[in-house]
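K.L.:
Before I ask anything, let me first share the structure, which is written out below as structure tokens.
The values are calculated or read from the model by the stated rules, or taken from the named source; none is laboratory data. These figures come from a predicted structure and were not determined experimentally. Cβ coordinates were reconstructed from backbone atoms using ideal geometry, including for glycine residues, and neighbour counts include every protein chain displayed. The protein model used for the area step is the full one, side chains on, heavy atoms only, and it has no ligands, DNA or RNA in it. Shrake-Rupley method; radii C 1.70, N 1.55, O 1.52, S 1.80 Å.
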Amino acid sequence: MNKVHYSGFKVLKEALTGHKGWKPVWRDAEPKSSGYDVVIVGGGGHGLATAYYLAKNHGITNVAVLEKGWIGSGNVGRNTTIIRSNYLLPGNEPFYELSMQLWENLEQDINYNAMVSQRGIMNLIHSDAQRDAFVRRANSMLFAGAGAEYLEQDDIKDRYPFLDMKNPRFPIKGALSQPRGGTVRHDAVAWGYARAASDLGVDIIQNCEVTGFNINNGKCLGVETSRGDIKANRVAVCVAGSSGRVMAKAGIKLPIESHVLQAFVTEGLKPVLDNVITFGAGHFYCSQSDKGGLVFGGDIDSYNTYAQRGNLPVVEDVCSGGMAIMPMIGRARLLRSWGGIMDMSMDGSPFIDRTQVDELYFNGGWCYGGFKATPASGYCYAHLLATDNYHDVATEFKLDRFLRGAMIDEKGVGAQPNLH
Ligand SMILES: Cc1cc2nc3c(=O)[nH]c(=O)nc-3n(C[C@H](O)[C@H](O)[C@H](O)COP(=O)(O)OP(=O)(O)OC[C@H]3O[C@@H](n4cnc5c(N)ncnc54)[C@H](O)[C@@H]3O)c2cc1C
């Protein structure tokens, strides 16, 4: 096995010798003709994390991750890198708190620098009613051990003098802060999990698109792919924005719509924002990368699409959200923007569940909050695949919750994908 260890000494040695000694960090495997115990469809953050925890926590190493493109080409490498566990509802909060705890240990666990930065996240408050709602949320977070602080106007003004505190439409009245929230270098998460899973024996197979499922008498026996059929005792789908298209190949219709979400980064600026800031009266969130770029995003483009590129009206909408709270952003030049396809569920919450086809499992519906969920999603999906029982913090993410009227409607906006 091709193990690469990182250390300060190795980095120094490579810097002095022209960086010629680095090796590929995971094996480029060929599909096994004998098949696998578990085939994971989708090599994004969730698929790779699932493979890693299957191997590490459950000793199941005869596993393949099938990725139609390359590792990191999906949303895991396209998001705005924000992590947090500032949820309200019991179905969600313990799950995201487990994820936060896994983030806090991730780099040691997988021996990979994922640049986990708990710089804090601050949700701005613009009305008295919103203050009440956020204080309620803060209490729920405190009960769950997630930690929360209420910031007064003056605290915010002292720390971020560039914020428009007295905007006539959206005055900043306070903020809900989670000091343990922050950012993580997104593609490093994919590479780190890929390397750690590969080291434990998982086959990572890139350029391998799943084109169908081999289903006989209601039981999934494997997948059809662009590189031939692959047998599996259990098939675990986690393809994020492609959920609807992929599950349709198994005859399954999901309560999910796909939309594009865009992200933006400015030219490098001097350090100005040491936190993540979110606008409370619209969709805008912003942090500053280590290279100095302001990284920000907002709402989804509201039409359904599978294209990984968005349109100009949302660019204007997101930038006007930014201007409403931090007018100085109008002086920065936009360097890049990109889009990713979001699997928007109808109540804004995800699924980690079995399906009506035996041995076929589904993970998706992460909307635009699935990056922070990556570790816990992999952890709990692996638990379900290995034990056939739901993990304690993921008992509510079932596909039939709309039939039972047991939605996890975190924001109280119902079946409105563009509001989640
Ligand atoms: C612009 C943007 C900003 C975001 N910001 C945040 C944020 O700040 N915080 C946060 O928590 N979340 C954020 N998200 C959401 C988050 O990125 C996603 O919810 C999460 O990454 C989805 O899980 P994943 O990593 O497994 O997805 P992906 O990386 O998309 O993985 C799915 C993989 O499945 C593969 N696939 C698809 N079809 C097939 C097939 N037929 N066969 C084989 N493979 C297939 C795809 O190629 C892809 O690599 C953001 C998303 C976007 C696009």
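K.L.:
How would Asp290, Asp388 rank on accessible area, largest to smallest, probe 1.4 Å? Intermediate values should be presented prior to the final figure.
P.N.:
Working: Asp290 120, Asp388 50 Å².
Ranking Asp290, Asp388 by accessible area, largest first, yields Asp290, Asp388.
K.L.:
Determine the distance separating the Cα centre of region 55-87 from the Cα centre of region 386-420; give it in Å without decimals.
P.N.:
Region 55-87 and region 386-420 have Cα centres spaced 20 Å from each other.
K.L.:
Can you give the accessible area per residue of the chain, in Å², using a 1.4 Å probe?
P.N.:
Result: 43 Å² per residue.
K.L.:
If I stretch the segment between Asn207 and Ser226 completely, what's the gain in nm (0.36 nm per residue apart, minus their alpha carbon distance), one decimal?
P.N.:
Details: separation 19, 0.36 × 19 = 6.84 nm, distance 0.81 nm.
Full extension of this stretch gives 6.0 nm more.
K.L.:
Hey, any idea what % of region 1-114's accessible area is carbon plus sulfur with a 1.4 Å probe? Before the final figure, lay out the partial values.
P.N.:
Working: 2880 of 5140 Å².
Answer for region 1-114: carbon and sulfur cover 56 percent of the accessible area.
K.L.:
Give the residue list of trypsin sites (Lys or Arg not before Pro) in region 201-272 that are DSSP loop and have at most 11 other beta-carbon atoms within 10 angstrom.
P.N.:
Within region 201-272, the qualifying trypsin sites (Lys or Arg not before Pro) (loop, at most 11 other Cβ atoms within 10 Å) are Lys253.
K.L.:
Let me ask something else about it. Divide the volume of the convex hull of the Cα atoms of region 290-368 by its number of residues and quote the answer in cubic angstrom per residue. All intermediate terms of the calculation are to be shown ahead of the outcome.
P.N.:
Details: hull volume 12.1 nm³, N = 79.
Hull volume over Cα atoms, normalised by residue count, gives 153 Å³.
K.L.:
While we're here: Of all DSSP beta bridges located in the chain, what percent are antiparallel, nearest 5? Please list the in-between numbers first.
P.N.:
On the way: 47 of 67 bridges.
Here the share of antiparallel DSSP bridges comes out near 70 percent.
K.L.:
At a Förster distance of 35 Å, what's the computed FRET efficiency of Asp155 paired with Leu419, Cβ-Cβ distance as r, to 0.05?
P.N.:
Values: r = 29 Å, r/R0 = 0.83.
Efficiency, from the Cβ-Cβ distance: 0.75.
K.L.:
Still on this structure, please answer the following. I'd like the Karplus ³J(HN,Hα) series for region 249-266: coefficients 6.51, -1.76, 1.60, θ = phi - 60°, whole numbers in Hz, and an x wherever there's a Gly or Pro.
P.N.:
Using θ = phi - 60°, the values come out as 5, 9, x, 10, 9, 10, x, 9, 10, 9, 9, 8, 10, 9, 10, 9, 9, 8 Hz.
K.L.:
Calculate I(q)/I(0) for region 1-61 by the Debye formula, one identical point scatterer on each C-alpha and no solvent, and give its log10 at q = 0.12, 0.13, 0.26 Å⁻¹ to two decimals.
P.N.:
Log-scaled intensity ratios, in q order: -0.47, -0.54, -1.16.
K.L.:
Calculate the spin-label point distance for Asp128 paired with Asn57, positioning each point 7 Å from the Cα along the beta-carbon direction, and give it in nanometres.
P.N.:
Inter-label distance under the simple model: 4.6 nm.
K.L.:
Any idea what the relative contact order of the chain is, in percent, if you count C-alpha pairs under 8 Å spaced at least 6 apart? Each step should come with its number before you reach the end.
P.N.:
Numbers: 976 pairs, mean separation 91.4, N = 420.
Normalised by residue count, the contact order of the chain is 22 percent.
K.L.:
Give, as a single signed number, the net charge of other residues whose beta carbon lies under 15 Å from the beta carbon of Leu312, with Lys and Arg counted +1 and Asp and Glu -1. Don't jump to the answer; show the numbers that get you there.
P.N.:
Numbers: positive: Arg309; negative: Asp299, Asp301, Glu316, Asp317.
With Lys, Arg at +1 and Asp, Glu at -1, the net is -3.
K.L.:
Go through Leu88, Leu221, Leu360 and list them by solvent-accessible area, largest first, probe radius 1.4 Å. Intermediate values should be presented prior to the final figure.
P.N.:
On the way: Leu88 30, Leu221 70, Leu360 0 Å².
Sorted descending by solvent-accessible area, the residues read Leu221, Leu88, Leu360.
K.L.:
What does the extension gain come out to for Ser337 and Asp400, with contour length at 0.36 nm per residue minus their alpha carbon separation? It would help to have the intermediate numbers written out before the result.
P.N.:
On the way: separation 63, 0.36 × 63 = 22.68 nm, distance 3.66 nm.
Result: 19.0 nm gained on full extension.
K.L.:
Quick one: grab the alpha carbon gyration tensor of region 117-270, order the square roots of its eigenvalues as a ≥ b ≥ c, and give me rounded if a/c is under 1.5, else prolate or oblate depending on whether a/b is larger than b/c.
P.N.:
Numbers: a/c = 2.64, a/b = 2.25, b/c = 1.17.
Cα axes put region 117-270 in the prolate bin.
K.L.:
At a 10 angstrom cut-off on C-beta neighbours, averaged per residue, how do the peptides 317-324, 55-62 rank from highest to lowest? Please list the in-between numbers first.
P.N.:
Numbers: 317-324: 19.4, 55-62: 16.9.
Sorting 317-324, 55-62 by mean packing, highest first, produces 317-324, 55-62.
K.L.:
Using just the alpha carbons, could you tell me how many Å³ per residue the convex hull of region 106-194 encloses? The partial results should precede the final answer.
P.N.:
Values: hull volume 11.1 nm³, N = 89.
It comes to 125 Å³ per residue, whole-number rounded.
K.L.:
Between Tyr306 and Lys23, 0.36 nm times their residue separation minus their Cα-Cα distance comes to what? Show your work: numbers first, answer last.
P.N.:
Working: separation 283, 0.36 × 283 = 101.88 nm, distance 3.45 nm.
Using 0.36 nm per residue and subtracting the Cα-Cα distance, I get 98.4 nm.
K.L.:
Could you tell me how many cubic angstrom of Cα convex hull volume the chain has per residue? Before the final figure, lay out the partial values.
P.N.:
Values: hull volume 60.2 nm³, N = 420.
In the chain, the Cα hull volume divided by residue count equals 143 Å³.
K.L.:
One quarter of the convex hull surface, Cα atoms only: what value does that give for region 253-322 in nm²? It would help to have the intermediate numbers written out before the result.
P.N.:
Values: hull surface 24.0 nm².
Average of the hull's projected areas for region 253-322 equals 6.0 nm².
K.L.:
Can I ask one more? Could you work out [θ]222 nm for the chain from helices alone, using -39500 (n - 2.57) per DSSP H run of at least four and dividing by all its residues? Round to the nearest 500 deg cm²/dmol.
P.N.:
Value at 222 nm, helices only: -8500 deg cm²/dmol.
K.L.:
Next up: Which FRET efficiency value, to the nearest 0.05, do you get for Asn105 and Tyr6 by plugging their Cβ-Cβ distance into 1/(1 + (r/R0)^6) with R0 = 25 Å? Intermediate results must be reported in sequence, preceding the final value.
P.N.:
On the way: r = 17 Å, r/R0 = 0.66.
Using R0 = 25 Å, I get an efficiency of 0.90.
K.L.:
Using a Förster distance of 35 Å, how high is the FRET efficiency between Glu14 and Val315, based on the Cβ-Cβ distance and rounded to 0.05? Show your work: numbers first, answer last.
P.N.:
On the way: r = 40 Å, r/R0 = 1.13.
Once the sixth-power term is evaluated, E becomes 0.30.
K.L.:
Further question on the same structure: Roughly how many percent of the accessible protein surface of region 145-297 is carbon and sulfur, given a 1.4 Å probe and a whole-percent answer? Display every interim value, and only then the final one.
P.N.:
Working: 2840 of 6100 Å².
Ligands and nucleic acids excluded, carbon and sulfur reach 47 percent.
K.L.:
Next up: Go through Trp26, Trp103 and list them by solvent-accessible area, largest first, probe radius 1.4 Å.
P.N.:
Values: Trp26 45, Trp103 5 Å².
Sorted by accessible area, descending: Trp26, Trp103.
K.L.:
Still on this structure: Scale the Cα Rg of region 1-102 by the rule-of-thumb value 2.2 N^0.38 Å and send over the ratio, two decimals.
P.N.:
Working: Rg = 17.6 Å, N = 102, 2.2 N^0.38 = 12.8 Å.
For region 1-102, the normalised Cα radius of gyration comes out at 1.38.
K.L.:
Could I ask something else about it? Order these peptides, 365-371, 334-340, by their mean beta-carbon neighbour count within 10 angstrom, highest first. Walk me through the numbers on the way to the answer.
P.N.:
Working: 365-371: 24.6, 334-340: 16.6.
Descending mean neighbour count gives 365-371, 334-340.
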